There are 2 protein chains.
Amino acid sequence: MNILIKDVLLDRKIRDIFIKDGRIEEISENCKREADRTINGKDKVALPSFINGHTHAAMTLFRGYADDMPLKDWLEGKIWPLEAKLTEDDVYWGSKLACLEMIKNGITAFNDMYWHWEATAKAVTDMGIRGFISAVFIDMFDRKKGQEQIEHNIRLFELSEKYKPYVTFTFGPHAIYTVSRESLEWMRNFSEKKKILIHMHLSETQEETQFARERYGLSPTEFLESIGVLSDKFIGCHGCMLDEKDCAILRKHNAKLVHIPVSNLKLAVGRVFPHFLMEGIPFCFGTDGCASNNHLDIIETMKFASLLAKFFTNIPTMMPAKVTFDIATKVAAEIFFLGDWEIKVGNSPDIILVDTMRPELVPNFDIYSDIVYASNGYIVDTVICMGKVLMENRYVQGEEEILKNTKMVAKALVER
Amino acid sequence: MNILIKDVLLDRKIRDIFIKDGRIEEISENCKREADRTINGKDKVALPSFINGHTHAAMTLFRGYADDMPLKDWLEGKIWPLEAKLTEDDVYWGSKLACLEMIKNGITAFNDMYWHWEATAKAVTDMGIRGFISAVFIDMFDRKKGQEQIEHNIRLFELSEKYKPYVTFTFGPHAIYTVSRESLEWMRNFSEKKKILIHMHLSETQEETQFARERYGLSPTEFLESIGVLSDKFIGCHGCMLDEKDCAILRKHNAKLVHIPVSNLKLAVGRVFPHFLMEGIPFCFGTDGCASNNHLDIIETMKFASLLAKFFTNIPTMMPAKVTFDIATKVAAEIFFLGDWEIKVGNSPDIILVDTMRPELVPNFDIYSDIVYASNGYIVDTVICMGKVLMENRYVQGEEEILKNTKMVAKALVER
């Protein structure tokens, strides 16, 4: 499919962008090529799309069901009992709602860890975005459970062929306190052989660090290094408790991190991402799932991240707008091996068009500052993913059905 | 003017709301009254509108013009030189843009402090919302300047009659380090006589506290108490550096505070609002002006405030959703003497309708959690202020002209 975007702002100039099968073929002042679909870009800015580095998509089902509770009561009294009752159909609709919400916020790729892998894979495929999907891998140090999980993951890996190019299978070892060394070693070997990303919670809480010290006499990062799990395919999420030594290890192995500020604040984990130690470690932003953030909006997350960086380092020039924007787009694309994410001839980034005629973006002095500090996902008008238009004029095909069905499914779930 | 809102969700039940001249006359299941205007409330929730406790409206003109700079360079190199060139016309359009943005975000009343008082008063009146407007009062301890400012303020107070019921005149003594004791004492007397609110920056930074200690041997709050400025008409903004003793003083005088978390983070002031000390002190939320927050969205500010409260107290149950919502609506209304802000027969709150058929609000388990944790100003569909419909289906009369003119005015200003 060919798409022609006419008269759109790109790097402060009005241009036409011609896209063939997802690849940018021409950027010029007056493109004469014939297209299957032409989009009017007037008063809009073309930008690469956002990537959500960490979420649990189907947890949209629990949005607003239980907030403002102590962590233990919340998990044990509310979330876990509901998760035990989840069906494939629930997860399908929950994930579809998440995809819809992310498309509306200009996100075209996300990194997921949840139950009922295939339901999420189906939802992602039906919605036409990019899902890096892992099944939650928890064995609680039980060899039998570990072996079951390993077999389950091999099956899912094979199954994932069916959902290409939308779905990329990844490993989702939950955390060092829920997954055995043996299972992690198996994932390391399989990941090396098949080039599979490993997506894991890392140093989110003080309890996790304490657990690693007690069990292994090492920090979580030191432990993962000691068993060879760290590589450029390792993506550690949260990282609030990382220290200088941990960060040196991550840097050495070219491992990646995901910074998830909103969830860290809401769950009151006690510390934030250690900005001063991040030199040379690629990191992107994640929203987390809707139970601990409630909103799948990377623009919102960018504002939290940038302002918290300034506040906690006491340096108002920390994480400036353009740097923050790049972290959420091109750095994230590098982390997920999505190629060069800039809007240039020969590249294949997903593209969003932002409507500049909105009060919060006027007077339009600096699009990056306006996006990071003055806006939210609703500024996105059009979303193009892998050469297909997923949203135009803020409308996504079938959105009414998704809202209706997810509502029904969620209400049935809590009454089950 | 009479307005009938049909079939809207109010306290989880579908109702009709009949409003006459801004006052709620009937709430029932099937209202038969004749109305000048009927609004379809299907799939919408009726809520009281938001109040913005502190801003500098016309600073929308500087949005995105200069960010990510050290405070001193930013103020001295960028903001002050531009402010010196501001005309009445600039401030009129900048304020109009701010009003438009606030209406779009469900805000119908705001507390302002800026230059060119009458331009803001005109903008507020033309837009039909409620402005508590003060002129920045700075005398730099110069008696002659102080006297000029006093005369200027008396003139504005008299002029304000002309802009009723939209505009309420207030005093805007900038801060204890820019206004002399004599001027503050004069404002105290005039405020007592005429029942005028006093709107002042209070304990925003360490430098301010230090200044008060050096000049008066007291904290800013102790100094204000010593000259009798504190009362139920005193509204102190920011308050980051307040200590236990200060808060006891504010409590004793029934003074009010405005919590402005986004600006405090962005400017890296070093400390946040001291939640543990707030028992018994009424406070509401403010966005600050667009140079230090960039976005006039109280829903966004609520999320920052609620999450920061949890994180900094290490208590995940701190500032729960409904409490946060009430602070931004009914507590704020009390602070500004706007009466009972709940949607009940006999009350005259401004009303917003929120569209619940949006992905980020589904499955709709709890409207307060959804608003505070999962949304932003764009969920607001309809705004009714003082019995007039200012927005319906997210459209505000004349919005295109405001965007166009403000853009022109802002570009001319920076090139002047």
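Brief remarks follow.
- Averaged over the residues of B:247-256, the number of partner chain Cβ atoms lying within 10 Å of the residue Cβ comes to 0.
- q = 0.18, 0.22, 0.23, 0.27 Å⁻¹, region B:125-192: log10 I(q)/I(0) [Debye, one scatterer per Cα]: -0.66, -0.89, -0.94, -1.16
- Residues with amide H under 5 Å from that of A:F137, placed H, sequence gap 5 or more: A:G172, A:H174
- Shortest-first distances to equivalent copies, position B:R12, nm, label 7 Å out along Cβ: 5.5
- Within 10 Å of the Cβ of each residue in A:404-413, the mean number of Cβ atoms contributed by other protein chains is 2.
- Summary for A:I154: label point 7 Å along Cα→Cβ; distances to the equivalent points in the other copies, ascending, 9.2 nm.
- Computed 3J(HN,Hα) for region A:259-266, one whole-Hz value per residue from the Karplus formula 6.51 cos²θ - 1.76 cosθ + 1.60 where θ = phi - 60°, is 9, 10, x, 5, 4, 4, 5, 4, glycine and proline marked x.
- Order of B:L267, A:L159 under a 10 Å beta carbon neighbour criterion, fewest first: A:L159, B:L267
- For region A:146-296, Kirkwood radius (reciprocal of mean inverse C-alpha pair distance, Å): 16.0 Å
- When the alpha-carbon atoms of region A:32-138 are used, the pair Rg, Dmax equals 17.2, 62 angstrom.
- Directionally averaged projected area (the protein assembly as shown, Cα convex hull): 34.7 nm².
- Distant alpha-carbon pairs in region B:18-83 (separation over 19 angstrom), percent: 59 percent
- Distances from B:E342 to itself in the other copies, using label points 7 Å out along the Cα-Cβ axis, amount to 5.8 nm in increasing order.
- Packing-based exposure ordering (other Cβ within 10 Å, fewest first) of A:M140, B:M59, A:M187: A:M140, A:M187, B:M59
- Computed per residue of chain A from DSSP H runs no shorter than four, each worth -39500 (n - 2.57), the mean residue ellipticity at 222 nm is -10500 deg cm²/dmol.
- For region A:384-389, backbone phi angles converted through the Karplus equation (6.51, -1.76, 1.60; θ = phi - 60°) give residue-by-residue couplings of 10, 10, 6, x, 10, 7 Hz, Gly and Pro being listed as x.
- Across every direction, the projection of the convex hull enclosing the Cα atoms of region B:260-407 has a mean area of 10.9 nm².
- Here the Kirkwood formula puts the hydrodynamic radius of region B:75-169 at 14.1 Å, using every distinct Cα pair.
- Taking a ≥ b ≥ c as the square roots of the eigenvalues of the alpha carbon gyration tensor, region B:50-335 is rounded, as a/c is under 1.5.
- Total charge dipole magnitude, region B:50-335, about the Cα centre, Cβ charges on Lys, Arg, Asp, Glu only, Debye to nearest 20: 580 debye
- Here the extension length gained between A:W80 and A:E29 equals 12.8 nm, from 0.36 nm per residue of separation less the Cα-Cα distance.
- Here chain B carries DSSP beta bridges of which approximately 45% are antiparallel, counting only pairs with both residues inside.
- Inter-label distance for A:W115 and A:S348, nm, one decimal - labels placed 7 Å from Cα along Cα-to-Cβ: 3.6 nm
- Expressed to the nearest 5 percent, the antiparallel share of DSSP beta bridges inside the protein assembly as shown is 45 percent.
- The distance between label points at B:F337 and A:D21 comes to 7.2 nm (points 7 Å beyond Cα on the Cα→Cβ vector).
- Karplus (6.51, -1.76, 1.60) ³J(HN,Hα), θ = phi - 60°, over region A:181-195, in Hz, Gly and Pro reported as x: 4, 4, 5, 4, 5, 5, 4, 3, 5, 5, 4, 4, 5, 9, 6
- Annotation: the residues A:T301, B:T356, B:T87, B:T287, sorted from fewest to most other C-beta atoms within 10 Å of their own C-beta, follow the order B:T87, B:T356, A:T301, B:T287.
- For B:G22, nonlocal amide neighbours, meaning residues 5 or more places apart or on other chains whose placed amide H falls under 5 Å from its own, are B:G387.
Here, each number is a calculation from the coordinates, and none is a lab measurement. Model, not experiment: these values are computed from the prediction. Counting neighbours? That spans all protein chains shown, and the Cβs are built from the backbone with ideal geometry, glycine included.
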